[in-house]
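In what follows, a single structure is set out as structure tokens and then discussed.
The values are calculated or read from the model by the stated rules, or taken from the named source; none is laboratory data. Just so it is clear, the model here is predicted, and its values are computed rather than measured. Because the Cβ atoms are built from the backbone with ideal geometry, glycine has one as well, and the counts that use them run over all protein chains shown. All accessible areas refer to the heavy atoms of the entire protein, side chains included, with ligands and DNA or RNA removed. Shrake-Rupley method; radii C 1.70, N 1.55, O 1.52, S 1.80 Å.
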Amino acid sequence: MSGTTRREFLGTAAAAGGLALGTAEGASAEDASSPGTVAVLGGGVAGLTAAHELAERGFRVTVYERRALGGKARSMDVPDSGTGGRRPLPGEHGFRFIPGIYHNLPDTMRRIPFPGNPGGVHDNLVAPKEMLFARSGGREDIRIPLPWPDNPPAELTPDEIRRAFTAVLDTAFNLPLHEALYFANRMLVFLTSCDQRRDTVWERTPWWDFVRAGRMSYDYQRVLAVGITRNIVATKAEEASTRTVGTLLEAFAFNLLGRGADGPLDRILNAPTNEAWIDPWVTYLKSLGVEFRVGWTVRDLTLDAGAIAGAVVEDPSGARRTVTADHYISAMPVEHARRTWNSAVRAADPQLAECDRLETDWMTGIQFYLTERIPTVHGHLDLIDSPWSLTAIAQAQHWPGRDFPADYGDGTVVDCLSVDVSEWDRPGILYGKTAKHCTRTEVAREVWAQLKASLNDGGRTVLRDSVLHSWFLDPAVDGLGTPHPVNEEQLLIHPVGTFHHRPQSATKIPNLFLAGDYVAVPIDLATMEGANSSARQAVNALLDRCGSTAPRCAVTPLYRAPELEPLRRHDRTRYLLGLPNAFDIG
């Protein structure tokens with residue numbers, strides 16, 4: 001909101017006068033007609049979603065964010081890169097990917113106004129036409145078109161499913177027929193498994209073991225074990241839960257068939273994330289009365305008489321103060337949220353202590369700014385053989401409303417090649433060091449070398465050193481090349497057993513609720529969709545607790561084919577009898 005409120009003036013005066021922890025700030029201005037005040041702790045996708053749903057239901061909301069609104073989803077300016085009235089070059093934590101399997105996040109995007117868009121921010125989503133699995137060592141790259149079918153199949157049978165998977169794997173990836181058949185069978189086993197088997201047996205089984213990768217070919221391992229888990233789910237195949245990986249693949253498979261999807265499989269934004277989504281969202285929330293405190297870091301939660309009495313925060317000046325509200329939604333990433341749960345808070349709800357068993361890992365982006373467009377695929381690149389499990393996309397071709405050299409940088413940059421680095425603990429090809437042991441410059445040179453190794457090995461030169469203008473590595477990564485590198489924006493991963501340690505949005509503390517991609521949600525994956533879904537769950541729990549008559553937020557689960565339901569019911573009987581799935585040939 002513009003201007004300075006009485007509360008902000010008093011808070012600033014108190015900080016200047018040396019009042020730290022003893023200073024109290026309410027969550028919003030007094031208004032007897034409001035259903036209550038809410039302090040949302042964290043301004044990423046989860047926090048903004050919670051603020052959105054609450055503000056539309058009349059709550060007075062203040063969002064406290066330590067770094068920048070949008071969290072890991074935001075784009076950011078490359079410092080000192082814009083000249084001649086142009087915007088700075090756009091950087092980001094990693095490129096955005098909003099597949100058709102998402103339903104809750106797209107619903108929110110439709111409700112964010114954007115000038116000229118009848119469908120709001122959602123109309124800023126565009127669908128790449130294809131994707132490329134780039135091979136190194138002179139092997140043929142695999143280019144896959146991404147059509148969006150107008151007439152999806154009316155019905156699926158186990159035989160049709162098996163045939164479909166076999167055809168794709170045998171034709172597109174040139175896998176040995178027996179391996180393609182085996183993987184198709186494993187997918188059929190998962191698709192027809194009941195929830196009880198998924199939540200127990202498959203949750204305890206690493207994906208690597210489930211697909212028997214250890215006895216298969218190199219291509220099988222790189223594409224179907226390592227490629228899927230590291231590049232898509234951002235975890236290691238040897239550790240990743242089969243329940244999590246299989247659930248995601250199930251949704252993607254039906255998305256490709258046009259089943260139960262919000263749109264095409266692969267969708268990205270048509271401009272830098274903040275321009276296309278985050279900034280319009282914040283503007284809309286401000287119009288609803290939401291207040292934002294950016295640069296405020298949550299340090300602790302105080303408990304009194306079994307309820308949260310306040311949140312201890314550090315303001316931009318470094319002064320500590322206590323903010324108060326009727327309700328609190330903790331919407332920070334798990335590695336930051338659990339630092340704010342002191343022993344009294346943890347004792348009040350044992351599920352909070354379970355969150356200590358959740359794990360995070362590094363998956364961070366680097367952008368290369370180019371002075372020429374590169375002849376590459378119109379969509380995402382998956383560099384299957386790269387030691388650091390790289391995925392990438394050339395962005396300018398997907399931003400039709402932007403003249404890149406006229407709008408950004410110094411006028412010589414025409415494209416941004418945005419790359420996600422998923423593996424930070426494996427030696428590279430240039431220096432023989434892991435990414436964590438490289439300096440920032442060495443990371444950039446190593447990633448560039450791995451890109452060239454995959455893209456320049458097919459008889460043509462896609463990347464030339466002469467077109468590289470500059471690069472930008474996420475500033476959340478620090479201390480590279482030292483014994484103690486840090487990443488302030490890590491990603492939740494999904495080793496076996498993780499599902500049973502994820503908390504519910506409602507806690508046993510009556511005015512504390514949890515939102516974030518670590519909370520138990522239908523998608524069970526660290527994604528923007530998971531963050532959005534968890535915030536909806538948190539708001540529903542809050543509405544239940546305060547007896548509100550406001551409509552509840554819809555939480556849409558991932559699609560599951562109804563014609564397979566009889567087979568899943570049959571598998572439930574087999575599970576209860578201690579028998580394997582009927583299609584499980586071992």
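Quick notes on this structure:
- With N as its number of residues, region 431-586 has a Cα radius of gyration that, divided by 2.2 N^0.38 Å, comes to 1.59.
- Straight Cα distances below 15 angstrom link residue 508 to the aspartates and glutamates 304, 349, 354, 544, with same-chain residues fewer than 8 positions distant left out.
- Size descriptor, Kirkwood hydrodynamic radius, that averages inverse alpha-carbon separations across region 208-321, Å: 19.1
- Each residue of region 537-545 is assigned a 3J(HN,Hα), and the resulting list reads 5, 4, 5, 4, 5, 5, 4, 5, 5 Hz, derived from the Karplus form 6.51 cos²θ - 1.76 cosθ + 1.60 (θ = phi - 60°), x at Gly and Pro.
- Computed magnitude of the charge dipole of the chain (debye, nearest 20; Cβ of K, R +1, Cβ of D, E -1): 540
- Averaging Cα coordinates gives a centre for region 505-569 and one for region 235-295; these two points are 15 Å apart.
- Across region 72-78, rounded Karplus estimates of 3J(HN,Hα) from the backbone phi angles (6.51 cos²θ - 1.76 cosθ + 1.60, θ = phi - 60°) give 5, 7, 6, 9, 8, 7, 7 Hz, Gly and Pro being marked x.
- Where only C-alpha atoms are counted, convex hull volume of region 449-519 per residue in Å³: 214
- Of the whole protein surface, residue 546 contributes about 60 Å² of accessible area at a 1.4 Å probe radius.
- Formal net charge of residues neighbouring residue 81 (Cβ-Cβ distance under 14 Å; K, R +1; D, E -1): -3
- P(r) weight above 25 Å for region 357-515, C-alpha pairs, percent: 42
- Positive-end ranking of 76, 280, 384 along the dipole of the chain, with charges on Cβ about the Cα centre, is headed by 384.
- Placed amide H near residue 426: partners under 5 Å, 5+ positions off or other chain: 435
- Sequence of 286, 508 from largest to smallest accessible area, 1.4 Å probe: 508, 286
- A simple packing score, the average count of other Cβ atoms within 10 Å per residue, orders the peptides 125-135, 352-362, 460-470 as 125-135, 352-362, 460-470, with the highest score first.
- Cβ-Cβ FRET estimate between residue 204 and residue 324, R0 fixed at 45 Å, reported to 0.05: 0.55
- Ordering 486, 148, 506 by the projection of their Cα atoms onto the charge dipole of the chain, which places +1 on the Cβ of Lys and Arg and -1 on the Cβ of Asp and Glu, puts 506 at the extreme positive end.
- Scanning residues 5 or more positions from residue 303 or on other chains, those with amide H under 5 Å from its amide H are 309, with H placed 1.01 Å from N in the peptide plane.
- Of the solvent-accessible surface of the chain, computed with a 1.4 Å probe over protein heavy atoms with every protein chain present, carbon and sulfur atoms account for 53 percent.
- Nonlocal amide H pairs with residue 469, under 5 Å, H built at 1.01 Å: 369, 370, 371
- FRET efficiency for the pair residue 107 and residue 351, taken as 1/(1 + (r/R0)^6) with r the Cβ-Cβ distance and R0 = 41 Å, rounds to 0.90.
- Placing a pseudo-label 7 Å from each Cα along the Cα-to-Cβ vector at residue 582 and residue 56 gives an inter-label distance of 4.2 nm.
- Distance between the pseudo-spin-label points of residue 440 and residue 117 (7 Å out from Cα toward the beta carbon): 3.1 nm.
- Percent antiparallel among DSSP beta bridges (both partners in the chain, rounded to 5): 70
- Positive-end extreme of charge dipole, the chain - chosen from 441, 39, 205 (charges on Cβ): 205
- For region 177-188, Karplus couplings with θ = phi - 60° (6.51, -1.76, 1.60), whole Hz, Gly/Pro x: 4, 5, 6, 4, 4, 5, 5, 4, 5, 5, 5, 5
- Most to least packed among 405-412, 321-328 [average Cβ atoms within 10 Å]: 321-328, 405-412
- Computed over region 377-462, the alpha-carbon pair-distance distribution with 10 angstrom bins reads 16, 41, 31, 11, 0, each value a whole percent.
- Translational diffusion coefficient (Stokes-Einstein; Kirkwood radius from C-alpha pairs) of region 508-586 at 10 °C, 1.306 mPa s, in µm²/s: 103
- Surface per residue (accessible, 1.4 Å probe) for region 320-371, Å²: 33
- Convex hull of alpha carbon positions in the chain: directionally averaged projected area 28.2 nm².
- Net length gained if the chain between residue 129 and residue 343 were fully extended (0.36 nm per residue, minus Cα distance): 71.9 nm
- Using bins of 10 Å that start at zero, the share of Cα-Cα pairs per bin across region 492-549 amounts to 26, 48, 22, 4, in whole %.
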